[in-house]
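Below: the structure, in structure tokens.
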Amino acid sequence: MTQIHSDTSQKEAQSKVKLSARNIFVDYGAEHVLKDVSIDIPEKTVTALIGPSGCGKSTFLRLFNRMNDHLEGFQRKGEILIDGEDIYHDQKHLEELRETVGMVFQKPNPFPKSIYENVAYGLRIRGVKDKKRLDQVVEESLIKAALFDEVKDHLKKNALSLSGGQQQRLCLARSLAVDPSILLMDEPASALDPISTAKIEELVEELKKKHTILIVTHNLQQARRVSDQTAFLYFGELVEYGNTEQVFTQPKEEQTAHYIGGRFG
Amino acid sequence: MKQKTRLAEHVIKMILFLCALVTVLTTAGIIWVLFSESISFFQTVSLKEFLTDTEWTPLFTQKHFGILPLVSGTLLTTFIAILVALPVGLTIAIYLNEYASKRFRKVIKPVLEILAAVPTVVYGFFALVVMTPFLQKIIPDLPGFNALSPGIIMGIMIIPFVSSLSEDALFAVPQSLRDASYGMGATRLQTVFRVLLPAASSGIVSAVILAVSRAIGETMIVAIAAGQQPNLTFNPLESVETITTYIVQVSLGDVPHGSIEYQTIFAAGAMLFVLTLILNNISFQFNRRYRQKYE
Ligand SMILES: Nc1ncnc2c1ncn2[C@@H]1O[C@H](COP(=O)(O)OP(=O)(O)OP(=O)(O)O)[C@@H](O)[C@H]1O
Ligand SMILES: [Mg+2]
């Protein structure tokens, strides 16, 4: 595996804020899941969300594409801004929001359709029928997800016949097909073997040239390898957030040091 | 101690085996009677006549033994029933699974199952004295016995077959596929039609085939409200007779044991059996070919 060290300090200083959370509180029924979380995420960077199981990482991630909204008992206070716009307040249409914010899930979840139809899904539901355009977008997206060479001769094959790693890259291609500027990844490699994991990490590195990426991971080495910033969540609170190198080598908070030390050092 | 458990184990195994044996033997027995009596029938009547003659008049002096009018009556009423049950049942399944609240689902599911528990003779009576007069207001020429009215009522009866099994199939579609679809910005309706229904299609087809088998075998409703005249037609406004109705009609009469009239029951029964067998086979093939496997 290649060790990719991020070198972002000068880039970070000049890039603009893409995503913000302002005083976010989330409850599920009586359970407080996120407590006063505020964060600014610069454009075209990778931000890793780390923290023990159940600390609210997934919940936090899913705030950005409003995937929590329909969950039972879900309540939110505070603002989520994308390019300065509050996505909850503005009643921005979900379809539009999720075109801007793509998501890759923990377990690969391709549709039981052909490889082609999986990638074309985002365009199809938006009414695109033009075969040429679909062909082109499918090809481009598969190339971006580094899957094209492996599947180009059998795009009509059922996506479920692919390996787990291939399926996850297919899901990535499916998200990329509508050209989101933001990508949310919830433990995208936790169900994959080391080689597939390395591929996903390489892709993240490549994709941040064009996309702002939030990635949840339990793998601290992975967080360190791929991210520019790291946010450490602990029991619903944002304990520490900063440059990845700094968080890993000189954490400011004792809890961070403890978590990283226990899992990492 | 050890020996005792082993003995108990043996006994239980034997009992289970015997239970299985009873069902297998019953089925085998039915098939045996059906086909052995049919064989005597086909010694008198050629298979060609049975399958191609367009009249079925074994009880008249001018005897014809063409099964087609009974088959058409059966298929016609069944077809009408499915035309009612499929859209309604599927809509209910989709609604309950994707739209309704948990509480509503809890209340409505048992209510639906009641539809299948109503004695069919009640349905038949309802078709004859409520549905047919109602339809006659819309279609004045409709005869008192017709295929349409019992077809519709039969459709209502089999709604729970379609809805309940389709619902199971939809429920079995993993949440992760819904997440994927919503995550791409799809609406609920798009998710239902583009992801959930295709993913659940093999289960839905099984549901429909089960409902069709039920409708084909249904006796009381059609016997009461469809008429008892074999009629080779696909016009729902005419009176028809189904295979099952014929069997009841002759069984209740006093045809002499061993006569050709008596044997027609078994020939008709065999035909019914073959129809159901074909359906089961289609269902099986479809499942094998299209089943999606989820972990
Ligand atoms: N749909 C829900 N309804 C009620 N409570 C929920 C729901 N989803 C999550 N929770 C609760 O919210 C808390 C945070 O969950 P979340 O999934 O965000 O944690 P996480 O950090 O992603 O954990 P993991 O690392 O195990 O994925 C947990 O205590 C969980 O029990
Ligand atoms: Mg999680």
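The values are calculated or read from the model by the stated rules, or taken from the named source; none is laboratory data. Predicted model only: the values in this text are computed from it and were never measured. So basically every Cβ, Gly included, is an ideal-geometry build from the backbone, and we count neighbours across all protein chains shown. We work out accessible area using only protein heavy atoms, side chains counted, and drop any ligands, DNA or RNA first. Shrake-Rupley method; radii C 1.70, N 1.55, O 1.52, S 1.80 Å.
A few points about this structure:
- Pick from the range B:248-269, criterion aliphatic (A, V, I, L, M) and surrounded by fewer than 20 Cβ atoms within 10 Å (Cβ to Cβ), ranking: farthest from B:Leu75 (Cα to Cα): B:Val255
- Filter result for A:Val46 (of a type in the set (A, V, I, L, M, F, W, C), in contact with a Lys or Arg (Cβ under 6 Å, 6 or more places away or on another chain) and either over 28 Å from A:Glu254 (Cα atoms) or within 13 Å of ligand 1 (Cβ to nearest atom) (or both)): no
- Residue within the range B:172-185 that is more than 23 Å from A:Cys171 (Cβ to Cβ) and either more than 23 Å from the chain's Cα centre (by Cα) or crowded, with 24+ Cβ neighbours inside 10 Å (or both) present: no
- Residues within the range A:26-71 that are more than 16 Å from ligand 2 (Cβ to nearest atom) and touching a helix residue (DSSP H, G or I) at 6+ places or on another chain (Cβ under 7 Å), tallied: 4
- Scoring A:Gln255 on the criteria (1) within 18 Å of A:Phe60 (Cβ to Cβ); (2) in contact (Cβ under 8 Å) with a residue 60 or more places away in the chain leaves a single failure, condition (2).
- Considering the conditions (1) open to solvent by 20 Å² or more (accessible area, probe 1.4 Å); (2) at pLDDT below 95, A:Arg62 is excluded by exactly one of them, (2).
- Per-region count, the range A:115-125, residues crowded, with 23+ Cβ neighbours inside 10 Å, of a type in the set (A, V, I, L, M, F, W, C) and either within 16 Å of ligand 1 (Cβ to nearest atom) or within 7 Å of chain B (Cβ to nearest Cβ) (or both): 0
- Filtered residue count, the range A:18-34, keeping only those that are within 10 Å of ligand 1 (Cβ to nearest atom) and either assigned to a strand (DSSP E or B) or within 14 Å of another protein chain (Cβ to nearest Cβ) (or both): 7
- All helices (runs of 4 or more DSSP H) inside the range A:126-185 with 2 or more residues being open to solvent by 40 Å² or more (accessible area, probe 1.4 Å): A:131-144, A:148-151
- Check on A:Ser175, under 22 Å from A:Ser196 (Cβ atoms) and away from every other protein chain (no Cβ under 11 Å): no
- Count of residues meeting criterion [out of contact with any strand residue (DSSP E or B) (no Cβ under 8 Å at 6 or more places or on another chain), more than 16 Å from ligand 2 (Cβ to nearest atom) and open to solvent by less than 60 Å² (accessible area, probe 1.4 Å)] in the range A:98-114: 3
- Selection status of A:Phe148, more than 30 Å from A:Pro112 (Cβ to Cβ) and of a type in the set (A, V, I, L, M, F, W, C): no
- Taking first residues from the range A:186-204 that are within 14 Å of another protein chain (Cβ to nearest Cβ) and partners that are hydrophobic (A, V, I, L, M, F, W, C) and more than 16 Å from ligand 1 (Cβ to nearest atom), the Cβ contacts under 7 Å between residues at least 6 apart in sequence or on separate chains come to A:Pro188/A:Ile200.
- Residue match in the range A:255-265 (condition: hydrophobic (A, V, I, L, M, F, W, C), touching a helix residue (DSSP H, G or I) at 6+ places or on another chain (Cβ under 8 Å) and at pLDDT below 95): yes
- Among residues of the range A:72-101 that are away from chain B (no Cβ under 14 Å), those with a beta-carbon under 7 Å from a residue that is in a loop (DSSP other than H, G, I, E, B) and exposed (fewer than 12 other Cβ atoms within 10 Å of the Cβ) at least six positions away or on a different chain give the pairs A:Glu79/A:His89.
- Hey, B:Val121 in contact (Cβ under 8 Å) with a residue 24 or more places away in the chain, closer than 18 Å to B:Ala223 by Cα and open to solvent by 50 Å² or more (accessible area, probe 1.4 Å) or not: yes
- All helices (runs of 4 or more DSSP H) inside the range B:132-233 with 1 or more residues being more than 14 Å from chain A (Cβ to nearest Cβ): B:132-138, B:148-171, B:201-217, B:220-225
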